[in-house]
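Trainee: Just dropping this structure here.
The values are calculated or read from the model by the stated rules, or taken from the named source; none is laboratory data. Bear in mind the structure is a predicted one, so any value in this text is a computation, not a measurement. Glycine gets a Cβ as well: all are built from the backbone with ideal geometry, and neighbour counts include every protein chain shown. The accessibility values were calculated without ligands, DNA or RNA, using every heavy atom of the protein model including side chains. Shrake-Rupley method; radii C 1.70, N 1.55, O 1.52, S 1.80 Å.
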Amino acid sequence: MEPKETHAITLNVNDTNYQIQILPWVSLLDVLREELHLTGTKKGCDHGQCGACTVLVDGKRILSCLTLAVMKDGSAITTIEGVADGENLHPIQKAFIEHDAFQCGYCTPGQICSAIGMLKEGKAQTREEVQELMSGNLCRCGANRGIINAIMEVKEGGCHE
Amino acid sequence: MTKLPQIGKPISRLEGRLKVTGSAKYAGEYEAEDLLYGYVVNSTITKGKITVIDTTEAKTLEGVIEIFTHENKPSTAWFDFQYADMDAPPGTVFKPLKDNDIKYNGQPIALVVAATFEMARYAATKIKLAYTEEKFETNLQSNLHKARDTKKGLASMLKPPPPKPTGDFEEAYQNSFVQSSGEFKHGTEHHNPMEMFATTVIYEGKDQLKIYDKTQGTINSQMYVANVFGLKMKNVQVIAPFVGGAFGSGLRPQYQLFMAVMASLKLKRNVRVTLDRAQMYTFGHRPPTVQFTKFGAEKNGKVNAIYHKAIGETSQFEDYVEIVVNWANMLYPAENTLLEHQVVPLDVYSPLDMRAPGGSTGMHAIEITMDDLAYKLNIDPLELRLINYSEKDKSSDKEYSSKELRNCYLEGAKKFGWSNRNPEPRSMKRGNKLVGYGMATGIWDANRLLARVQAIMTSDGKVAIKSAVTDIGTGTQTIMTQIAADELGLRLEDITFLYADSKMPFAPIQGGSFTTATVGPAVKAACKALNEKLFRKAKHLKNAVLSEMKFEDVIFSEGFIIVKNNPETKISIAEIFAANGGKEIKTTNTSMPNPLRYGKKARAVHSAVFVEVEVDEELGIIEVKRAVTAVAAGKIINPKTAESQILGGMIWGISKTLHEETITDHNFGKYMNPNLAEYHIPVHADIQDLNVIFVEENDTFVNDLGVKGVGEIGVVGMPPAIANAIFHATGKRINDLPIHFDKLL
């Protein structure tokens with residue numbers, strides 16, 4: 001079952017179109033990191049257990065490690081590299097720095113993409129609900145309080161898109 | 001006018017922007033021309049011999065370049081000592097692919113190198129393997145009778161064996177007014193940093209390597225590679241500016257480093273080896289440990305007899321040691337003590353320092369025993385600690401360089417509302433939840449080692465500070481910049497802290513809460529030396545404004561040398577550089593504690609921890625509703641990053657007590673939950689109201705900055721405080737960790 005046949009797909013990542021030839025067994029995460037060199041999206045488990053690989057596909061947060069790249073042919077993908085508006089950081093990014101919402105920084109891109117997707121979903125109203133709906137993103141440094149504080153500030157400040 | 005000090009300010013991390021934009025690059029993320037990918041194959045048996053390792057079919061797959069096994073491993077160093085690293089315990093270091101001998105389950109036995117990660121991983125499944133299996137032992141509980149004393153080695157310097165017995169423990173204990181004894185257990189735990197171990201080796205020409213490694217010590221990895229592969233130190237550069245968590249796992253060079261370097265040297269290619277999450281459970285862990293305590297106290301609450309014994313797991317090849325039983329007598333000045341630490345060698349990989357190694361284990365037993373004593377004495381648990389308060393470390397009979405633990409107790413108790421506690425177990429309720437308040441003490445060593453730092457000022461007045469030290473998420477880059485800014489009288493923007501490169505001046509591995517106290521004073525010393533150089537040059541300027549002055553007569557502020565008593569008189573740094581022909585001015589300095597003086601006092605950081613839990617009476621579900629940790633850790637350079645260290649430690653404490661455990665199936669000698677779905681750590685929903693107080697502590701002894709360390713102290717008091725709160729809520733003493741709901745049903 002050695003899949004030798006490559007497929008031509010188009011991924012729109014952070015407003016840039018990439019035409020790539022890819023074997024069907026390659027995950028979206030590995031395409032981003034190894035083919036497009038967008039290493040901001042992290043691999044923490046490769047099994048959909050940690051959330052470090054979270055990206056936004058057509059506005060929704062997904063786990064890029066559980067997604068084959070060929071499944072997202074034609075999709076618009078936003079990774080952590082595309083979250084800021086040029087030099088201007090996204091409010092969530094600013095709040096993360098201000099609230100010291102990371103230590104090692106490895107889960108951070110996933111937390112930020114997940115937070116943006118979560119706010120857009122509009123389901124979480126209270127702090128507890130935000131905590132619950134962010135619980136798919138693990139942080140081993142224990143920056144949890146800062147992460148939730150940062151998200152709550154943006155949510156309550158109403159500056160999210 | 002002098003610049004406002006940066007030390008003590010809650011500066012946001014200087015690398016924050018890189019981390020929130022995905023620009024921070026970790027070891028497995030560096031691009032390289034025609035990069036090859038290595039995938040490691042691990043043993044599926046626990047003990048025995050490989051009889052067949054057939055790579056024929058795997059090698060025929062398109063894109064597979066080479067497969068390394070013990071049968072074709074390139075030659076590496078012969079002697080054991082050449083494999084030893086800065087954190088190696090006494091014994092014989094494990095050598096990957098040395099021979100066909102299997103020492104533990106998950107042992108790396110082959111490396112597949114291919115053009116893509118996917119092909120390397122696929123080819124690994126096509127290797128044909130056969131083993132002969134031998135009988136093995138992985139169960140600490142059923143092998144306690146094999147416990148023996150530990151071998152001594154270099155590592156014993158930072159991890160001293162238990163102090164010798166004092167007084168007559170048995171007699172004192174038997175004659176005590178009250179006695180408390182307990183048996184305490186915890187299982188295996190794994191560090192599980194979010195970033196998986198990775199090494200990218202750039203082959204820069206014959207015997208010359210640039211290595212991006214996940215490590216807590218660039219020079220540690222450099223030394224290992226140079227020794228093992230017979231390379232010159234100067235030809236091996238190890239770089240690790242961003243480390244995606246480590247918690248001790250990066251204190252030793254791990255096998256992906258060996259594998260990637262081996263492949264790169266042999267193939268003369270750029271190679272990356274990244275471990276997967278299951279492989280993160282194949283190179284070191286917190287050892288399962290059994291502890292026994294017996295404390296005796298007089299009627300007035302004074303503890304007069306302390307027995308504390310720990311038996312920890314180790315491997316068959318190294319004697320891993322941690323400090324488990326030394327703490328009780330450092331805190332409580334009993335006259336009669338018996339402290340013992342032993343190990344049981346089993347067929348596992350060597351344990352490895354994991355955040356608050358030993359301390360979090362020992363304090364769990366000590367502080368639960370103290371809580372039990374308090375109940376037997378009918379004395380408030382906090383009051384019992386105050387009754388046994390000591391300004392001295394009784395075990396070494398030395399005064400503490402500083403100890404503001406009393407204020408930790410008092411300020412922590414006030415903030416928490418300890419006085420609202422009804423001491424009776426099961427007396428406090430909230431709806432159908434039992435509420436419990438528990439407290440405990442924390443203690444950790446305040447150590448300082450040797451470090452070198454270089455300071456370079458360029459003609460624009462900006463300064464580069466260089467050290468090989470890493471920043472594993474602790475905020476090291478930020479606080480070193482703050483320290484330099486204050487010493488040089490410059491703004492943060494004028495300082496660049498260059499770090500995490502083995503080509504830079506020596507720093508030890510980053511661990512043990514000693515980095516700030518080791519590298520910080522070295523940064524200060526280098527900056528002071530730089531100022532002295534500037535001052536000497538200023539004295540020789542033509543206008544000779546400072547010629548009669550001494551160094552003590554001036555201050556350095558915003559690019560000027562200013563006379564203290566006459567601020568109008570000053571020399572600009574620009575003038576000095578003009579006279580110096582614009583050449584950079586630099587200095588490299590070694591900094592270490594005074595060996596004659598340093599050992600004369602006991603040095604420690606302390607904490608007092610207060611926890612409220614809710615326990616669902618029917619379901620046994622436990623929640624930490626709030627916790628307050630009051631810490632005395634000397635001068636706090638950056639309250640923002642330091643608070644994050646303590647919060648992280650507290651969450652580690654919650655995790656250790658209520659969540660995490662690596663479960664072994666001893667029939668197979670194999671870990672059963674090597675993944676992040678089944679190895680539970682707290683998620684956002686588990687973390688509620690956590691508070692940190694830094695108690696003022698002025699210490700002029702520990703080092704010039706008065707800093708101790710905050711990496712470990714957040715963890716140590718949490719497990720007993722939570723367990724004590726659970727006792728208060730439910731009346732049940734649970735001494736085995738983790739405490740899951742089933743233990744309360």
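Trainee: How about the stretch B:326-435: which GluC sites (Glu not before Pro) there lie in a loop by DSSP and see at most 12 other Cβ atoms within 10 Å?
Mentor: Working: sites: B:E335, B:E340, B:E367, B:E383, B:E391, B:E399, B:E404, B:E411; in loops: B:E335, B:E391, B:E404.
When the GluC sites (Glu not before Pro) of the stretch B:326-435 are filtered for loop state and at most 12 Cβ neighbours within 10 Å, B:E391 remain.
Trainee: With every protein chain left in place, what is the accessible area per residue of the protein assembly as shown in square angstrom, probe 1.4 Å? Show your work: numbers first, answer last.
Mentor: Working: 33090 Å² over 906 residues.
With all protein chains present, the protein assembly as shown gives 37 Å² per residue.
Trainee: What pairs in A:K155/B:K640; B:K159/B:K524; B:K232/B:K503; B:K214/B:K266; B:K126/B:K266 have C-alpha atoms more than 18 Å from each other? Let's see the in-between values first.
Mentor: Numbers: A:K155/B:K640 22 Å; B:K159/B:K524 28 Å; B:K232/B:K503 13 Å; B:K214/B:K266 22 Å; B:K126/B:K266 22 Å.
Going by Cα-Cα distance, A:K155/B:K640; B:K159/B:K524; B:K214/B:K266; B:K126/B:K266 fall outside the 18 Å limit.
Trainee: Is the stretch B:528-591 rounded, prolate or oblate when judged by the Cα gyration tensor, a ≥ b ≥ c being the square roots of its eigenvalues, rounded requiring a/c under 1.5 and prolate requiring a/b larger than b/c? Provide the component values of the computation, followed by the final result.
Mentor: On the way: a/c = 1.78, a/b = 1.21, b/c = 1.46.
Note, shape of the stretch B:528-591 comes out oblate.
Trainee: Enter the mean number of other protein chain beta carbons within 10 Å of the beta carbon of each residue in A:49-58, as an integer. Write down the numbers at each step before the final one.
Mentor: Values: counts 6, 7, 3, 5, 0, 0, 0, 0, 0, 0.
Taking all residues of A:49-58 together, the mean is 2.
Trainee: While we're here: Treat each spin label as a single point 7 Å out from the Cα along the C-beta direction, and report the B:S156 to A:K4 distance in nm.
Mentor: So the two model labels end up 6.2 nm from each other.
Trainee: Please go through the stretch A:22-109 and write out the GluC sites (Glu not before Pro) that DSSP classes as loop and that have at most 15 other C-beta atoms within 10 Å. Working shown, then result.
Mentor: Details: sites: A:E34, A:E35, A:E81, A:E87, A:E98; in loops: A:E87.
Here the GluC sites (Glu not before Pro) that fit, given the DSSP loop and packing criteria, are A:E87.
Trainee: Here's a follow-up. As a quick test, which of the pairs B:K164/B:K294; B:K210/B:K533; B:K95/B:K151; B:K309/B:K670; B:K309/B:K376; B:K414/B:K601 have an alpha carbon distance above 25 angstrom in this structure? Kindly include the intermediate steps, with their values, before the conclusion.
Mentor: Details: B:K164/B:K294 17 Å; B:K210/B:K533 34 Å; B:K95/B:K151 20 Å; B:K309/B:K670 27 Å; B:K309/B:K376 22 Å; B:K414/B:K601 30 Å.
Violating the 25 Å Cα-Cα cut-off are B:K210/B:K533; B:K309/B:K670; B:K414/B:K601.
Trainee: Also, I was wondering about something else. Which trypsin sites (Lys or Arg not before Pro) in the stretch B:41-112 pass both tests, a DSSP loop state and at most 15 other beta-carbon atoms within 10 Å? Don't skip to the end; give the middle numbers.
Mentor: Details: sites: B:K47, B:K49, B:K59, B:K98, B:K103; in loops: B:K47, B:K98, B:K103.
Taking the stretch B:41-112 and a limit of 15 other Cβ atoms within 10 Å, the loop trypsin sites (Lys or Arg not before Pro) found are B:K98.
Trainee: Using a 10 Å cut-off around each Cβ of peptide B:642-651, what is the average number of partner chain Cβ atoms that fall inside?
Mentor: On the way: counts 0, 3, 10, 3, 1, 8, 10, 2, 2, 7.
Rounded to a whole number, the mean comes out at 5.
Trainee: Ranked from the most accessible area to the least, with a 1.4 Å probe and all protein chains present, what is the order of B:L498, B:L705, B:L373?
Mentor: Accessible-area ranking of B:L498, B:L705, B:L373, largest first: B:L498, B:L705, B:L373.
Trainee: Ok, one more. On average, how many beta carbons from a partner chain sit within 10 Å of the beta carbon of a residue in A:127-133? Walk me through the numbers before you get to the answer.
Mentor: Details: counts 2, 3, 1, 2, 6, 3, 2.
The mean count of partner-chain Cβ atoms within 10 Å per residue comes to 3.
Trainee: Here's something else I'd like to know. With a Förster radius of 25 Å, plug the Cβ-Cβ distance of B:E568 and B:T590 into 1/(1 + (r/R0)^6) and report the FRET value to the nearest 0.05. Mind dumping the intermediate values first?
Mentor: Details: r = 38 Å, r/R0 = 1.50.
Plugging the Cβ-Cβ distance into 1/(1 + (r/R0)^6) gives 0.10.
Trainee: Also, quick follow-up: Within 11 Å, Cβ to Cβ, of A:G51, how many net charges do the neighbouring residues add up to if Lys/Arg are +1 and Asp/Glu are -1? The partial results should precede the final answer.
Mentor: On the way: positive: A:K42, A:R61; negative: none.
Cβ neighbours under 11 Å give a net charge of +2.
Trainee: Order the following by accessible area, largest value first: B:F169, B:F694. Probe radius 1.4 Å; ligands, DNA and RNA are ignored. Could the numbers behind the result be given before it?
Mentor: Working: B:F169 10, B:F694 60 Å².
These residues rank, largest area first, as B:F694, B:F169.
Trainee: On to the next question. Dimensions of the stretch B:256-380 along principal axes (Cα, Å, largest first)?
Mentor: Rounded to whole Å, the extents work out to 73, 26, 21 Å.
Trainee: For a quick check: with amide H placed at 1.01 Å from N, whose amide H comes under 5 Å from A:V13's, ignoring anything fewer than 5 positions away on the same chain?
Mentor: Under 5 Å from the amide H of A:V13: A:Y18, A:I77.
Trainee: In addition: Give me the angle, in degrees from 0 to 90, between the Cα long axis of helix A:144-157 and the longest principal axis of the Cα atoms of chain A, rounded to the nearest 10.
Mentor: Roughly 80 degrees, rounded to the nearest 10.
Trainee: I'd like to compare B:430-440, B:717-727: which one has the highest average count of other Cβ atoms within 10 Å, and what's the full order after that?
Mentor: Highest to lowest by the protection proxy: B:717-727, B:430-440.
Trainee: Related question: Taking the Cα centre of each part, how many Å lie between the stretch B:635-714 and the stretch B:217-277?
Mentor: 27 Å
Trainee: Where nothing but the Cβ of Lys and Arg (+1) and of Asp and Glu (-1) is charged, how large is the charge dipole of the protein assembly as shown around its Cα centre, in debye to the nearest 20? Walk me through the numbers before you get to the answer.
Mentor: Values: 101 positive and 108 negative charges, 433 e Å.
I would put it at about 2080 debye.
Trainee: May I ask you to compute the full-extension gain from B:N139 to B:K743, defined as 0.36 nm times their residue separation minus their alpha-carbon distance, rounded to one decimal in nm? Show your work: numbers first, answer last.
Mentor: Details: separation 604, 0.36 × 604 = 217.44 nm, distance 2.11 nm.
So the extension gain works out to 215.3 nm.
Trainee: Net charge near B:E575, counting Lys/Arg +1 and Asp/Glu -1 over other residues with Cβ under 11 Å of its Cβ?
Mentor: Working: positive: B:K537, B:K542, B:K570; negative: none.
Result for the neighbourhood of B:E575: +3.
Trainee: I would also like to ask the following. What's the extension gain from B:T60 to B:W78 if we count 0.36 nm per residue and subtract their Cα-Cα distance? All intermediate terms of the calculation are to be shown ahead of the outcome.
Mentor: On the way: separation 18, 0.36 × 18 = 6.48 nm, distance 3.23 nm.
3.2 nm is the gain from fully extending B:T60 to B:W78.
Trainee: Hey, another quick one. Using a 1.4 Å probe and counting only protein heavy atoms, arrange B:T441, B:T21 so the residue with the most accessible area comes first.
Mentor: Details: B:T441 0, B:T21 25 Å².
Final ranking, largest accessible area leading: B:T21, B:T441.
Trainee: I need the calculated FRET efficiency for the pair B:D168 and B:D616, taking r as the beta carbon distance and R₀ as 60 Å, to the nearest 0.05.
Mentor: On the way: r = 47 Å, r/R0 = 0.78.
So the FRET efficiency works out to roughly 0.80.
Trainee: Cross-link list A:K42/B:K462; B:K98/B:K206; B:K542/B:K586; A:K94/B:K25: which exceed 28 angstrom alpha carbon to alpha carbon? Walk me through the numbers on the way to the answer.
Mentor: Working: A:K42/B:K462 35 Å; B:K98/B:K206 24 Å; B:K542/B:K586 22 Å; A:K94/B:K25 20 Å.
Cα-Cα > 28 Å for A:K42/B:K462; rest within.
Trainee: Within chain A, which is the longest segment that contains none of the trypsin sites (Lys or Arg not before Pro) sitting in a DSSP loop with at most 11 other Cβ atoms within 10 Å? Walk me through the numbers before you get to the answer.
Mentor: Details: sites that count: A:K4, A:K123.
With trypsin sites (Lys or Arg not before Pro) excluded where exposed in loops, chain A gives A:5-122 as its longest stretch.
Trainee: Continuing with this model, one more query. Span-like helices, chain B: DSSP H, alpha-carbon axial extent 20 Å or more, mean Kyte-Doolittle 0.0 or greater, which ones?
Mentor: B:359-377, B:639-654
Trainee: Determine the relative contact order of chain B: mean sequence separation of Cα pairs under 8 Å and six or more apart, normalised by residue count, in whole percent. All intermediate terms of the calculation are to be shown ahead of the outcome.
Mentor: Details: 1862 pairs, mean separation 125.8, N = 745.
So the answer I get is 17 percent.
Trainee: So what is the relative contact order of the stretch A:91-157, in percent, for Cα pairs below 8 Å that sit 6 or more residues apart? Could you put the intermediate results ahead of the total?
Mentor: Values: 63 pairs, mean separation 35.9, N = 67.
RCO, the stretch A:91-157: 54 percent.
Trainee: Semi-axes of the equivalent ellipsoid of chain A: what are they in whole Å, largest first, if each equals the square root of 5 times a C-alpha gyration tensor eigenvalue? Intermediate results must be reported in sequence, preceding the final value.
Mentor: On the way: eigenvalues 164, 51, 36 Å².
Rounded to whole Å, the semi-axes are 29, 16, 13.
Trainee: Percent of Cα-Cα pairs per 10 Å bin, from 0 to the last occupied bin, for the protein assembly as shown, please list those.
Mentor: 2, 12, 21, 24, 21, 13, 5, 1, 0
Trainee: Note down the magnitude of the dipole of the stretch A:7-82 about its Cα centre, charges +1 on Lys and Arg C-beta and -1 on Asp and Glu C-beta and zero elsewhere, to the nearest 20 debye. Numbers along the way, then the final one.
Mentor: On the way: 6 positive and 8 negative charges, 46 e Å.
Charge dipole of the stretch A:7-82: 220 debye, to the nearest 20.
Trainee: Under a 5 Å amide H to amide H cut-off, with H placed in plane at 1.01 Å, what residues pair with B:L352 once short-range neighbours are removed?
Mentor: Amide H to amide H, under 5 Å and 5 or more residues apart or across chains, B:L352 pairs with B:H285, B:R286.
Trainee: Taking the Kirkwood radius as the inverse of the mean 1/r across Cα pairs, report the Rg/Rh of the stretch A:91-157.
Mentor: With Rh from the inverse mean 1/r over Cα pairs, Rg/Rh is 0.91.
Trainee: A further question on this structure: Extending each Cα 7 Å along its Cβ direction at A:R127 and A:L66, get the distance between those two points in nm, one decimal.
Mentor: Using points 7 Å along Cα→Cβ, the separation is 2.9 nm.
Trainee: Further question on the same structure: How high is the relative contact order of the stretch A:7-82, given as a whole-number percent (alpha carbon pairs under 8 Å, six or more residues apart)? Display every interim value, and only then the final one.
Mentor: Working: 145 pairs, mean separation 29.7, N = 76.
Reported as a whole number, the value is 39 percent.
Trainee: How much net charge surrounds B:K135 when only the other residues with a Cβ under 10 Å from the Cβ of B:K135 are counted, with Lys and Arg +1 and Asp and Glu -1?
Mentor: Counting the neighbours of B:K135, the net charge comes to -3.
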